[in-house]
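Please read the structure below before turning to the comments.
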Amino acid sequence: MCVLYKVLENESPPYLFNTIPKNNRQHQTRYSDNIPTFLTKHDYFKNSFFPSAITEWNKLECYVKNADSFDVFKKRILKLIRPPPKSIFNIHNPLGIKYLTRIRVGLSHLKDHKFRHNFQDSVDPMCSCGSGVETTTHFFLHCANFNFQRQTLFDKITTIDENILAENEDSIINTLLFGKPNFENSINKAILNTSIEYILSTERFNVPLF
């Protein structure tokens with residue numbers, strides 16, 4: 001998107017600008033109108049720079065395309081694609097935070113994560129317990145391999161806030177991984193520390209990821 005912005009603003013060699021399909025106006029600019037797309041017959045050309053970049057460009061909101069400078073445009077693009085930072089509430093546990101972060105972003109030892117990222121050692125996403133796909137939810141709430149550790153997790157979470165485990169599974173997992181925005185930092189810190197204790201106690205992540 002940044003390269004295409006520069007092309008449209010004539011900040012690149014003219015032959016690049018001349019490559020772009022023109023609409024009915026005399027000059028193609030970056031304003032609200034979409035850029036005409038290329039007619040493509042094959043994926044090889046469709047996935048090349050100009051056809052794919054123009055397709056993505058046309059999806060952008062006008063306020064992004066109408067940025068007055070490259071720096072402003074880049075900041076707006078980054079704001080769109082970067083998720084807001086998630087706090088770890090000043091927890092100092094490097095190993096635990098590493099494993100928690102991997103689970104947060106879906107790139108951990110869990111077989112569902114590795115299978116979706118085409119790890120060679122994960123030919124399927126099924127858990128070794130035999131009762132389902134080893135997703136984040138399965139690991140925290142259902143895996144029979146860790147029933148003992150899970151009971152400790154649930155006991156501690158209930159002590160922190162008895163209503164957490166009464167929510168639906170998606171909400172429970174979100175709370176265990178990120179805390180709750182309406183909770184005080186001290187409570188969220190306690191929740192994340194409890195989640196980290198569970199992760200480490202299972203020893204599921206003690207082997208190399210690759």
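The values are calculated or read from the model by the stated rules, or taken from the named source; none is laboratory data. Quantities reported herein were computed from a predicted structural model and do not represent experimental measurements. Virtual Cβ from ideal backbone geometry, glycine too; neighbours counted across all protein chains shown.
Descriptive notes on the structure:
- In this entry, Ile187 is excluded by the filter for residues that are among the hydrophobic types (A, V, I, L, M, F, W, C), within 23 Å of the chain's Cα centre (by Cα) and either part of a helix (DSSP H, G or I) or farther than 23 Å from Asn93 by Cα (or both).
- Every residue from segment 56-112 that is among the aliphatic types (A, V, I, L, M), assigned to a helix (DSSP H, G or I) and without any contact (Cβ under 8 Å) to a residue 12 or more places away in the chain: Val72, Leu78, Ile81
- Evaluating Phe119 against the criteria (1) outside the structural domain of Ser195 (by TED's automatic domain parsing); (2) touching a Phe, Trp or Tyr at 6+ places or on another chain (Cβ under 8 Å); (3) more than 17 Å from Ser195 (Cα to Cα); (4) touching a residue at least 60 places away in the same chain (Cβ under 8 Å) leaves one unmet condition, (1).
- Considering residues of segment 26-55 that are at pLDDT 90 or above and in a helix (DSSP H, G or I) only, the residue surrounded by the fewest Cβ atoms within 10 Å (Cβ to Cβ): Phe49
- Residue tally, condition closer than 18 Å to His138 by Cβ and part of a loop (DSSP other than H, G, I, E, B), over segment 113-122: 3
- Filter result for Arg204 (outside any helix (DSSP H, G or I), of a type in the set (D, E, K, R) and modelled with pLDDT of 95 or more): yes
- In summary, Thr137 fulfils each of the numbered conditions (1) assigned to a loop (DSSP other than H, G, I, E, B); (2) within 19 Å of the chain's Cα centre (by Cα); (3) not charged (D, E, K, R) with the single exception of condition (1).
- Which listed residue, of Ile164, Ile196, is under 20 Å from Val105 (Cβ atoms) and either assigned by TED's automatic domain parsing to the domain that holds Leu110 or out of contact with any helix residue (DSSP H, G or I) (no Cβ under 8 Å at 6 or more places or on another chain) (or both): Ile196
- Residue list for segment 37-70, filter: under 15 Å from Leu8 (Cα atoms), out of contact with any Leu (no Cβ under 9 Å at 6 or more places or on another chain) and among the acidic types (Asp, Glu): Asp68
- Unique match (being within 15 Å of Ile103 (Cα to Cα), surrounded by fewer than 16 Cβ atoms within 10 Å (Cβ to Cβ) and of a type outside the set (A, V, I, L, M)) among Glu203, Glu162, Glu134: Glu203
- Among (1) surrounded by fewer than 18 Cβ atoms within 10 Å (Cβ to Cβ); (2) at pLDDT below 95, the one test that Ser122 misses: (1)
- Residue satisfying condition, being within 16 Å of Tyr198 (Cβ to Cβ) and under 22 Å from the mean Cα position of the chain (by Cα), within set Thr158, Thr101, Thr152: Thr101
- Qualifying residue in segment 166-176 (condition: in a helix (DSSP H, G or I), crowded, with 17+ Cβ neighbours inside 10 Å, under 25 Å from the mean Cα position of the chain (by Cα) and not β-branched (Val, Ile, Thr)): yes
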